[in-house]
Amino acid sequence: MTWPLTVWLLQGTLGPWPLLLVGCGLIAWRLPQARGLAFVAAIALLVVGFAIDAELGMRGYPVAVNAVLLATFALSLWRGMPVVEQLARIKEPNLPARGVIYTRRVTQAWCGFFVVNGSIAAWSALYADLAAWSLYNGVISYALIALMFTGEWCCRRRLRRYAS
């Protein structure tokens, strides 16, 4: 949330290169569970910065974060345990079969969210002015994440009530 707002405030003072370098470092630091993917995303942003435009690389941070999260959630559907199931098992180690199915579907829903959110973030990085980019990526996308969490929580409560 603070990255787009920080960029909006400091880009005119610092310029895009220092912010791009800080953003690349933040991706690796904030996404330690996906260190390899985060490293690739940081390198991709640097390549965009060098090959195309440093400001575009800097604005690509939310796109990279969504891509890393999408890859992490999607890969968990094919190997190992889906991410949402891992989280659910922290609270409920003996998750029933219908809970396993539900957590798989929620993981798929998050994948869809990351595709849509990442696409909008990419569009805003390419075509929106800095203020609009900051507004979407620093405020609106987080409101959408909160809405997704709240919607899932309401669905889960409702399903548990019907299952009882």
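The values are calculated or read from the model by the stated rules, or taken from the named source; none is laboratory data. Remember, it's a predicted structure, so these values are computed and weren't measured experimentally. Note: ideal-geometry Cβ built from the backbone for every residue, glycine included; neighbour counts use all protein chains shown.
Of the residues R156, R160, R105, which is part of a helix (DSSP H, G or I), charged (D, E, K, R), in contact (Cβ under 8 Å) with a residue 40 or more places away in the chain and farther than 26 Å from P16 by Cα?
Within the list R156, R160, R105, the selection yields R156.
Given the condition charged (D, E, K, R) and touching a residue at least 40 places away in the same chain (Cβ under 8 Å), answer yes or no: does some residue in segment 41-56 qualify? Before you say what the answer is, go through the steps one by one.
Step one: of segment 41-56, the residues charged (D, E, K, R) are 53, 55.
With the extra rule that they be touching a residue at least 40 places away in the same chain (Cβ under 8 Å), the set shrinks to 55.
Yes, the conditions are met somewhere in segment 41-56.
Could you please give the count of residues in segment 95-117 that are within 15 Å of M148 (Cα to Cα) and either at pLDDT 95 or above or surrounded by fewer than 16 Cβ atoms within 10 Å (Cβ to Cβ) (or both)?
Within segment 95-117, residues that are within 15 Å of M148 (Cα to Cα) and either at pLDDT 95 or above or surrounded by fewer than 16 Cβ atoms within 10 Å (Cβ to Cβ) (or both) number 13.
Between a first residue in segment 130-147 that is over 16 Å from N66 (Cβ atoms) and a second residue that is at pLDDT 95 or above and part of a helix (DSSP H, G or I), which pairs have beta carbons less than 7 Å apart while being 6 or more apart in sequence or on different chains?
Matching pairs, first to second residue: A132/S124.
When you check G99 against the structure, is it touching a helix residue (DSSP H, G or I) at 6+ places or on another chain (Cβ under 8 Å), of a type in the set (G, A, S) and in a helix (DSSP H, G or I), yes or no?
Answer is yes for this residue.
Pairs needed: first member in segment 7-26, over 16 Å from P62 (Cβ atoms); second member anywhere, outside any helix (DSSP H, G or I); C-beta distance under 6 Å; at least 6 residues apart or different chains.
none
Tally time: how many residues in segment 85-102 are among the β-branched types (V, I, T) and under 19 Å from R35 (Cα atoms)?
0
Checking the condition touching a helix residue (DSSP H, G or I) at 6+ places or on another chain (Cβ under 6 Å), among the β-branched types (V, I, T), over 24 Å from T6 (Cβ atoms) and crowded, with 16+ Cβ neighbours inside 10 Å, which residue from V63, V83, V68, V48 passes?
Answer to the check: V83.
Hey, can you tell me all the residues within segment 108-131 that are in a helix (DSSP H, G or I), of a type in the set (A, V, I, L, M) and closer than 13 Å to V63 by Cβ?
Taking segment 108-131 first, the residues in a helix (DSSP H, G or I) are 108-127, 130-131.
Subsequent filtering for residues that are of a type in the set (A, V, I, L, M) retains 109, 115-116, 120-122, 125-126, 130-131.
Hits for segment 108-131 are V115, V116, I120, A121, A122, A125, L126.
Check whether at least one residue in segment 132-147 is more than 18 Å from V63 (Cα to Cα), assigned to a helix (DSSP H, G or I) and at pLDDT below 95, and report yes or no.
No; the residues of segment 132-147 include none that is more than 18 Å from V63 (Cα to Cα), assigned to a helix (DSSP H, G or I) and at pLDDT below 95.
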